[in-house]
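Reviewing the structure listed below.
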Amino acid sequence: MASIKIKFRPSTVEGKAGSVYYQVIHNRQVRQIRSEYKVFKKEFNQQDGVLAEFVREDVGRLNGIVASLDASHCVYTADDVVTEYRKYMRDYSLAGYMEILINKLYQRKRIRTAETYRAALNSLNRFLSESDVYRANIMLDSISAEMVEDYEAFLQHRGLSPNTTSFYMRIFRAVYNRALEETAIEPRNPFRHVYTGNERTVKRALPLEAVKRIRMLSLPRGSALDYSRDMFMMSFYMRGMSFIDMAYLRKSDLSNGYVTYRRRKTGQALTIKWTDEMQEIIDKYPKNITQYMLPVITNPKANERHAYRRCGNLINRNLKTVAQMAGLNIPLSLYYARHSWATIARMKGIPLSVISEGMGHDSEMTTRIYLASLDVSVVDNANSLIISSVL
């Protein structure tokens, strides 16, 4: 059976911290594993504190690897222990494990999910880098309820809403549970004291008069503000179409006076009657040389996703200025068009089944059920009524 010893190597430079390393001894072979810790001799001699806890965790992992190799009854060397330890530290650190999952998501073309995991990893890295308690490269088997609660407090102190905090917590929990399924760690239920639900948010909807003011606002033709207002109104005219669906709307999707497309979020097929107001916006801009209809992705050689996201960010920034010019004290964004269409439809007395409570259901499945059962002409008539109210 191999033995593990904790060693200290002083720095060759006077006044600088030395290094902690681990010695693996087996069958007269001696191998060393350098740790990430830089300490002074006095600190090394102390038996308590954060450093001592980190070292105990590392040694515990090494002893666990040795026990596993012994239990397998296979012949192994000190080099095998070192190799297994380094592999474990690489694959089952929080950051390393999440990187593996993110790469798999990209390979499976689940781009949006991969991006949300990347955002969560970046958030966790910020928390760990600012912490004096947790190691920056924390291992999955070190995640505790206290650590998770501290991370939640970190997010709250940054001013994030309960739903945004919950969003990061749910991704963190999904990663942890995935590791559990792979038997990499022992179950601890560290998320039992943090919020992982969804609060009903206040809908970002404008009244009819506010939408009219945005439409009638005098802006320099062809300016960034004019373009941003046009994209907002196009979303509104198209029943609150999401910006990603607008960006990827193809010229071939328009046929015989109707636009037919699938929502990228749900895969649901929708059909919208093409109106003069929509055509007027299209006619303001040079013909798009790509396959897409709207002036969002316009360079055939550009990274389409980067182009759409960059354009969306620019539009949302400009819409803040548009709102101020229209006398609206709100952080206007493209998402307001979606909820404004639904809210104005309700005010016009259009049945909930027609607007499908549409963009406001708690359950996307419920929304799909409502929309799937509607005659398209009923929805188009509702859309014509709403557009005529703005003109």
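Some values worked out for this structure:
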read-out	value
Overall Cα dimensions of the chain - principal axes, largest extent first, Å	86, 47, 44
Estimated 222 nm signal from helices in the chain, with DSSP H stretches of n ≥ 4 weighted -39500 (n - 2.57), rounded to 500	-17000 deg cm²/dmol
Computed label-point distance, nm, for sites residue 174 and residue 136 using a 7 Å Cα→Cβ extension	2.8
Overall Cα dimensions of the stretch 204-281, principal axis frame, Å, largest first	35, 26, 20
Cross-link partners of residue 301 among lysines (Cα-Cα below 27 Å; sequence separation of 8 or more within a chain)	104, 109, 251, 265, 284, 287
Dipole of the chain, positive direction: furthest Cα of 76, 282, 13, with charges on the beta-carbon	282
Computed label-point distance, nm, for sites residue 45 and residue 185 using a 7 Å Cα→Cβ extension	3.6
FRET efficiency, residue 275 to residue 112 (Cβ-Cβ, R0 30 Å, nearest 0.05)	0.50
Shape of the stretch 70-134, Cα gyration tensor, a/c cut at 1.5	oblate
Difference of contour (0.36 nm per residue) and Cα-Cα distance, residue 59 to residue 252	63.2 nm
Cα-based convex hull, the stretch 124-254, per residue volume (Å³, whole number)	205
For q = 0.11, 0.21 Å⁻¹, Debye-computed log10 I/I(0) when each Cα of the stretch 1-72 counts as one equal scatterer	-0.31, -0.92
Tensor-based shape of the stretch 237-355 (alpha-carbon gyration tensor, a/c under 1.5 rounded, otherwise prolate or oblate)	oblate
Size of charge dipole - the chain - debye, nearest 20, with Cβ of Lys, Arg +1 and Asp, Glu -1, no other charges	1020
D (Stokes-Einstein, µm²/s), Kirkwood Cα radius, the stretch 22-119, 0.890 mPa s at 25 °C	153
Alpha-carbon gyration tensor eigenvalues x 5, square-rooted, for the stretch 124-194, Å	20, 15, 10
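Readers should treat all values here as calculations from the given coordinates under stated rules, not as data from a laboratory. The structure presented is a predicted model; accordingly, all values stated were derived computationally and were not measured. Backbone-built Cβ (ideal geometry, glycine too); neighbour counts: all protein chains shown.
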